[in-house]
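Reading through the structure tokens given below for one structure.
The values are calculated or read from the model by the stated rules, or taken from the named source; none is laboratory data. In this text the structure is predicted, and so the values were computed from the model without any measurement. Here the Cβ is made from the backbone with ideal geometry for all residues, glycine too, and neighbour counts use every protein chain on show.
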């Protein structure tokens, strides 16, 4: 099966050596994770392909801002494009242009990015949510309750949280939750701080 290392994958390796710190208590529960998680899950759906996922997100009422972009994500998008193209070139594959959407949910200005990589006859389709600049970590325990399972891998270091799960649907390869605070060493790597979630699915490339 094709394995494509997406930009946040580097964050896990960078975070692992850091000493663990106790989770901070104040304000964590105030982030509206339940409506944000539900909106993201329902918008992405099973993520069967780039085209179908874009259609699913559009039907869920998200606004396509691919042409204008989102200024708060500009540095991350440039980083992801460069890192993605380098990885795809090594595999001899191709990467779709990202589709970018925005929507306000529970008072949060959110973005969804849909991408797809094709190589060796297989695809990796990604649907990602970003809340740029968010300062409240929803917390792995709360996210796990919404997912309905414990993470297969959990890192909580220096105020950062990365929780990896098998997926939200049997069609998903994985579901990940990230919180990267401003000033984190990870921010310099991925060019992003705030809260993010991602769903990946994999499968053979459909022949039209």
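Points to keep in mind about this one:
- Residue within region 98-108 that is under 23 Å from residue 173 (Cα atoms), within 16 Å of the chain's Cα centre (by Cα), assigned to a loop (DSSP other than H, G, I, E, B) and at pLDDT 80 or above present: yes
- Conditions (1) within 20 Å of residue 170 (Cα to Cα); (2) free of Cβ contacts under 8 Å to residues at least 24 places away in the same chain; (3) out of contact with any helix residue (DSSP H, G or I) (no Cβ under 9 Å at 6 or more places or on another chain): number failed by residue 56: (3)
- Selection count, region 165-178, where residues are free of Cβ contacts under 8 Å to residues at least 40 places away in the same chain and in contact with a strand residue (DSSP E or B) (Cβ under 8 Å, 6 or more places away or on another chain): 6
- Criterion violated by residue 150 - all others in (1) farther than 26 Å from residue 64 by Cβ; (2) touching a residue at least 40 places away in the same chain (Cβ under 8 Å) satisfied: (2)
- Test result for residue 174, buried (at least 22 other Cβ atoms within 10 Å of the Cβ) and under 13 Å from the mean Cα position of the chain (by Cα): no
- Cβ-Cβ under 7 Å pairs, at least 6 apart or on other chains, region 79-90 side in contact (Cβ under 8 Å) with a residue 40 or more places away in the chain, far side assigned to a helix (DSSP H, G or I): 79/190
- In region 120-142, the residues that are over 16 Å from residue 81 (Cα atoms), in a strand (DSSP E or B) and at pLDDT below 95: 122, 123
- Any hit, region 57-77, residues being at pLDDT 90 or above, part of a strand (DSSP E or B) and surrounded by fewer than 18 Cβ atoms within 10 Å (Cβ to Cβ): yes
- Note on region 160-171: among residues that are crowded, with 18+ Cβ neighbours inside 10 Å and outside any strand (DSSP E or B), the one that is modelled with the highest pLDDT is 168.
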